[in-house]
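Chemist: The structure that follows is given in the form of structure tokens.
The values are calculated or read from the model by the stated rules, or taken from the named source; none is laboratory data. Model, not experiment: these values are computed from the prediction. Cβ sites come from the backbone with ideal geometry, for glycine too, and all protein chains shown count toward neighbours. When the accessible area is computed, the model is the full protein with side chains, heavy atoms only, and any ligands, DNA or RNA have been set aside. Shrake-Rupley method; radii C 1.70, N 1.55, O 1.52, S 1.80 Å.
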Amino acid sequence: MSDKPVQGEKRVFMTGNEVVAWAALAAEVDIMYGYPITPQNEIMHYWTRMAPKFGRKFLQTEDEISAGFTTVGGVMAGKKAFSATAGPGNTLFQEPMSMAEMMRIPTVVVIQQRGGPSTATVIYSQQEVTMTTFGGNGEGFRVVYSTAGHQDLYDYTIKSFNTAWKYRFPTFVLADGYQAKMREPLTIYDPAEKGIEMVKPEPFVGRPGMPGVDRPTQYLRNTYNTEVELYDAVMDIAKDYEAAMEDLMEWENFMTDDAETLIVAHGVVSRAAQGALPELRDAGIKVGHFRPITLRPFANEELRKAAKNAKKILVVESAYGQFLKLVKEALYGMDLPIETILRPGVGITSEEIVARIKEGR
Amino acid sequence: MPKSWNPETKPHKFCPGCGHGLVLKVLGDAIDELEIQDKVVFGCDIGCSLLAWDFFNCDSIQTHHGRTTPVITGVKRATPDRIGIAYMGDGGGYAIGSQHLVNAATRNEKITVILVNNTNYGMTGGQMAPTTLPGQKTETSPYGRDPLDTGYPTLGPEMVSAIAREGAYVARGTMSNLRQLKKFIKKALQNQIDGKGFSFVEALSSCPTNWRTNAEATWNFVEKDMADYFKVGEFKAPAKEEK
């Protein structure tokens, strides 16, 4: 068996899907369960090529429901397991991830968003925000990292395993088809050499010893006999989630201190927003940009701070208001006009953002 | 009482006259005799099978509608030294979870699936199941199941044995012959222990609550009506497994 898959630091030029596979290897993932769907397929392609060289495993399931539930099983068995999906696959993943949410199973799923609902638009959108942050028939106690590029994909794929295993909430890396398919430079590294300690997985079932004799028998269930029993279970999780929120929330501010116009965008669209700032500032427009990295939990207070001098907000997203809902909730009561660029399924350039802000003056 | 049972949860929660208790009794005996209690990861589905979530002193996972097979597959793939048992009803295995059953069998997953067939959806109040017999009255076939309208009952072991390959073990037993049912379940577990392939046992069982039968009529339905339609016996056994 070979040594560590990633040693030292290395400058590379890769597609996002390849980055995810490398990051999962570097994060000491044991097994991937997956089902093919564009645009995440190459995660599995790279994983299946590299995994056997490092003693890691793979199972191709019959559908995404199965991929989700086998991932749940693998995690319960005490292995670092993950999956990746998109679009209609993400829809099917909501069922197993609801189980993971209620049973506190540290699953990791990488989502490469595509256009909805089923076939054809297989490359890009930001239309899986609502489903990924609040999907399933539960309360949405999950962690969702929205990445903006390949360095993020590497960093947050590694981080997602630590988040999942430390806090025991299902964790999602929410990227998109552009990030999946394009190639850009980044630095890959061995987390240990960066001082990142990977949380060791632990078995939920199958610990050594005779159950009921040497150790308590593990009974993992998501059936509750009464509504009150369910209430208590959910409230316990809610308490843990709220206690962890402070640690989990991540965001970035770009020139927000004196911003009179605040652009709010996430994921790859944040890069268009970042790109728009220099030209607008040169034109004397006090503009800033707030980028939430975690969409769930959402850094409400930090967004409000970034908006403290703002006279208006511009929400930009490649969906028809899914991200806008999160922003509105965060800004509730601030009485700020909100303008939007909503482009479901379509990419957004910095030129468009510049033009919109200039014409709106 | 089998050693592998959890005595603290007995008497069990199944209705009087339900077959689950008997099937779980012989499963418990089989686990004891094979001495695998500390290796078993027991998964149960929804419907009445979920009431088995704390039945054994074996690590147990109660999962979602029809999803026990993939959960146990996930456990087994991650930790091949475990003995994975997926326990479900006819609805969980033949309706909502059928694609998982079919594909687990096709991939020859080294797990053991035990499916309890009581020809109806017990916990949801006695609706028609994939295994409801022609003419049988249920809440959603109140005039009796008409196969021209709703199709014929699923023949699970027949289907699985047709798609399963080398190393698979497939049988159908009945609660009316527990000695034989235990033999089948034991062989199914041994097959997994030996790492030969997918193992599947259907167990004919009763639901006197929703069948609205008395003791005698319940027994007649299991022994005559069900056994006439669902043939009891071994459908597939690895050639060299006889010991």
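Chemist: Output the number of residues of the stretch A:305-319 satisfying the condition of being farther than 20 Å from A:Leu295 by Cα and under 27 Å from the mean Cα position of the chain (by Cα).
Modeler: Number satisfying all stated conditions: 0.
Chemist: It is to be established whether one or more residues within the stretch A:230-237 are hydroxyl-bearing (Ser, Thr, Tyr) and in contact with a helix residue (DSSP H, G or I) (Cβ under 9 Å, 6 or more places away or on another chain).
Modeler: no
Chemist: Residue by residue through the stretch A:110-124, note down the ones that are touching a helix residue (DSSP H, G or I) at 6+ places or on another chain (Cβ under 6 Å) and surrounded by 24 or more Cβ atoms within 10 Å (Cβ to Cβ). Give the steps one after another, and end with the answer.
Modeler: Restricting attention to the stretch A:110-124, the residues satisfying the condition of being touching a helix residue (DSSP H, G or I) at 6+ places or on another chain (Cβ under 6 Å) are A:110-112, A:114, A:118, A:123-124.
If the condition is that a residue be touching a helix residue (DSSP H, G or I) at 6+ places or on another chain (Cβ under 6 Å) and surrounded by 24 or more Cβ atoms within 10 Å (Cβ to Cβ), then A:Val110, A:Ile111, A:Gln112, A:Arg114 are the ones that fit.
Chemist: Suppose the filter is in a loop (DSSP other than H, G, I, E, B), in contact with a Gly (Cβ under 7 Å, 6 or more places away or on another chain) and β-branched (Val, Ile, Thr); does A:Thr121 pass it? If you could, list the steps in order and put the result at the bottom.
Modeler: On the way: in a loop (DSSP other than H, G, I, E, B): yes; in contact with a Gly (Cβ under 7 Å, 6 or more places away or on another chain): yes; β-branched (Val, Ile, Thr): yes.
So A:Thr121 passes the test.
Chemist: Still on this structure, I have one more. Looking only at the stretch B:150-189, count how many residues are without any contact (Cβ under 8 Å) to a residue 24 or more places away in the chain and either closer than 22 Å to B:Leu27 by Cβ or among the hydroxyl-bearing types (Ser, Thr, Tyr) (or both).
Modeler: Going through the stretch B:150-189 one residue at a time, the tally reaches 4.
Chemist: Can you spot a residue in the stretch B:34-56 that is out of contact with any Leu (no Cβ under 6 Å at 6 or more places or on another chain), open to solvent by less than 10 Å² (accessible area, probe 1.4 Å), without any contact (Cβ under 8 Å) to a residue 40 or more places away in the chain and not small (Gly, Ala, Ser)?
Modeler: So far as the stretch B:34-56 goes, no, none of its residues is out of contact with any Leu (no Cβ under 6 Å at 6 or more places or on another chain), open to solvent by less than 10 Å² (accessible area, probe 1.4 Å), without any contact (Cβ under 8 Å) to a residue 40 or more places away in the chain and not small (Gly, Ala, Ser).
Chemist: Residues A:Lys53, A:Lys79: which one is among the basic types (Lys, Arg), more than 11 Å from chain B (Cβ to nearest Cβ) and at negative phi?
Modeler: Going through A:Lys53, A:Lys79 in turn, just one is among the basic types (Lys, Arg), more than 11 Å from chain B (Cβ to nearest Cβ) and at negative phi: A:Lys53.
Chemist: Against the condition within 14 Å of chain B (Cβ to nearest Cβ) and either open to solvent by 10 Å² or more (accessible area, probe 1.4 Å) or touching a Pro at 6+ places or on another chain (Cβ under 8 Å) (or both), how does A:Gly177 come out, does it pass?
Modeler: Details: within 14 Å of chain B (Cβ to nearest Cβ): no; either open to solvent by 10 Å² or more (accessible area, probe 1.4 Å) or touching a Pro at 6+ places or on another chain (Cβ under 8 Å) (or both): yes.
Against the criterion (within 14 Å of chain B (Cβ to nearest Cβ) and either open to solvent by 10 Å² or more (accessible area, probe 1.4 Å) or touching a Pro at 6+ places or on another chain (Cβ under 8 Å) (or both)), A:Gly177 does not qualify.
Chemist: Condition test on A:Gly68, is it assigned to a helix (DSSP H, G or I), farther than 18 Å from B:Gly43 by Cα and within 20 Å of the chain's Cα centre (by Cα)?
Modeler: For A:Gly68, the condition - assigned to a helix (DSSP H, G or I), farther than 18 Å from B:Gly43 by Cα and within 20 Å of the chain's Cα centre (by Cα) - is not met.
Quick grid of which residues meet (1) of a type in the set (Val, Ile, Thr); (2) open to solvent by 20 Å² or more (accessible area, probe 1.4 Å); (3) in contact with a Pro (Cβ under 7 Å, 6 or more places away or on another chain); (4) more than 8 Å from chain A (Cβ to nearest Cβ):
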site: B:Leu22; (1), (2), (3), (4): no, yes, no, yes
site: B:Asp59; (1), (2), (3), (4): no, no, yes, no
site: B:Pro70; (1), (2), (3), (4): no, no, no, no
site: B:Asp81; (1), (2), (3), (4): no, yes, no, yes
site: B:Ile85; (1), (2), (3), (4): yes, no, no, yes
site: B:Gly93; (1), (2), (3), (4): no, no, no, yes
site: B:Ile96; (1), (2), (3), (4): yes, yes, no, yes
site: B:Leu101; (1), (2), (3), (4): no, no, no, yes
site: B:Glu109; (1), (2), (3), (4): no, no, no, yes
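Chemist: Picking from A:Thr187, A:Thr171, which residue would you name as being within 16 Å of the chain's Cα centre (by Cα), under 30 Å from A:His289 (Cβ atoms) and open to solvent by less than 50 Å² (accessible area, probe 1.4 Å)?
Modeler: When all the criteria are applied, what remains is A:Thr171.
Chemist: Now a separate question. Listed residues A:Asp30, A:Asp63, A:Asp3; which is without any contact (Cβ under 8 Å) to a residue 24 or more places away in the chain and of a type outside the set (A, V, I, L, M, F, W, C)?
Modeler: A:Asp3
Chemist: Which residues, counting only those in the stretch A:322-336, are open to solvent by less than 70 Å² (accessible area, probe 1.4 Å) and in contact (Cβ under 8 Å) with a residue 24 or more places away in the chain?
Modeler: A:Gln322, A:Phe323, A:Leu326, A:Val327, A:Ala330, A:Leu331, A:Met334, A:Leu336
Chemist: Let me ask something additional. Look through B:Glu234, B:Glu223 and report the one residue that is in a helix (DSSP H, G or I), out of contact with any helix residue (DSSP H, G or I) (no Cβ under 6 Å at 6 or more places or on another chain) and of a type outside the set (Phe, Trp, Tyr).
Modeler: Just a single option satisfies the conditions, and that option is B:Glu223.
Chemist: Go through B:Pro153, B:Pro134 for me and flag whichever is within 23 Å of B:Asn103 (Cα to Cα) and either at pLDDT below 95 or part of a loop (DSSP other than H, G, I, E, B) (or both).
Modeler: That would be B:Pro153, the only listed residue that is within 23 Å of B:Asn103 (Cα to Cα) and either at pLDDT below 95 or part of a loop (DSSP other than H, G, I, E, B) (or both).
Chemist: So how many residues does the stretch B:9-32 have that are in contact with a strand residue (DSSP E or B) (Cβ under 9 Å, 6 or more places away or on another chain), touching a residue at least 60 places away in the same chain (Cβ under 8 Å) and over 22 Å from B:Thr124 (Cα atoms)?
Modeler: Final tally of qualifying residues: 4.
Chemist: I'd like to verify a number: residues in the stretch A:39-65 that are of a type in the set (S, T, N, Q), buried (at least 17 other Cβ atoms within 10 Å of the Cβ) and either modelled with pLDDT under 95 or more than 22 Å from the chain's Cα centre (by Cα) (or both), how many?
Modeler: So the answer is 1.
Chemist: Mind checking which residues of the stretch B:137-150 are within 21 Å of B:Asn220 (Cβ to Cβ), in a loop (DSSP other than H, G, I, E, B) and touching a strand residue (DSSP E or B) at 6+ places or on another chain (Cβ under 8 Å)?
Modeler: Hit for the stretch B:137-150 is B:Arg145, nothing else.
Chemist: Before we move on, is B:Lys186 on the phi < 0 side of the Ramachandran plot and in a helix (DSSP H, G or I)?
Modeler: Yes, satisfied.
Chemist: Next up: Within the stretch A:210-242, how many residues turn out to be of a type outside the set (A, V, I, L, M, F, W, C), within 27 Å of the chain's Cα centre (by Cα) and either open to solvent by 90 Å² or more (accessible area, probe 1.4 Å) or away from chain B (no Cβ under 13 Å) (or both)?
Modeler: Narrowing the stretch A:210-242 to residues of a type outside the set (A, V, I, L, M, F, W, C): A:211-212, A:214-219, A:221-227, A:229, A:231-232, A:236, A:239-242.
Subsequent filtering for residues that are within 27 Å of the chain's Cα centre (by Cα) retains A:221-222, A:236, A:239-242.
After this cut, where a residue has to be either open to solvent by 90 Å² or more (accessible area, probe 1.4 Å) or away from chain B (no Cβ under 13 Å) (or both) as well, the list is A:236, A:239-242.
Residues that pass the stated criteria total 5.
Chemist: Being aromatic (Phe, Trp, Tyr) and in contact with a strand residue (DSSP E or B) (Cβ under 7 Å, 6 or more places away or on another chain) is the filter; apply it to the stretch A:66-97 and report the residue that is nearest to B:Val102 (Cα to Cα).
Modeler: Checked the stretch A:66-97; the qualifying residue nearest to B:Val102 (Cα to Cα) is A:Phe93.
Chemist: Next up: Looking only at the stretch A:83-99, which residues are within 11 Å of chain B (Cβ to nearest Cβ), of a type in the set (Gly, Ala, Ser) and either in a helix (DSSP H, G or I) or without any contact (Cβ under 8 Å) to a residue 40 or more places away in the chain (or both)?
Modeler: Within the stretch A:83-99, just A:Ser98 meets the criteria.
Chemist: Which residue, of A:Leu326, A:Leu262, is of a type outside the set (Ser, Thr, Tyr), part of a strand (DSSP E or B) and farther than 20 Å from A:Gly347 by Cβ?
Modeler: Result of the check over A:Leu326, A:Leu262: A:Leu262.
Chemist: What is the number of the single condition among (1) open to solvent by less than 10 Å² (accessible area, probe 1.4 Å); (2) under 23 Å from B:Thr218 (Cα atoms) that B:Gly89 does not meet?
Modeler: Unmet for B:Gly89, out of (1) open to solvent by less than 10 Å² (accessible area, probe 1.4 Å); (2) under 23 Å from B:Thr218 (Cα atoms): (1).
Chemist: Then there's this: Please go through (1) within 28 Å of B:Lys110 (Cα to Cα); (2) touching a Ser or Thr at 6+ places or on another chain (Cβ under 8 Å) for A:Ile123 and return the number of the only condition it doesn't satisfy.
Modeler: (1)
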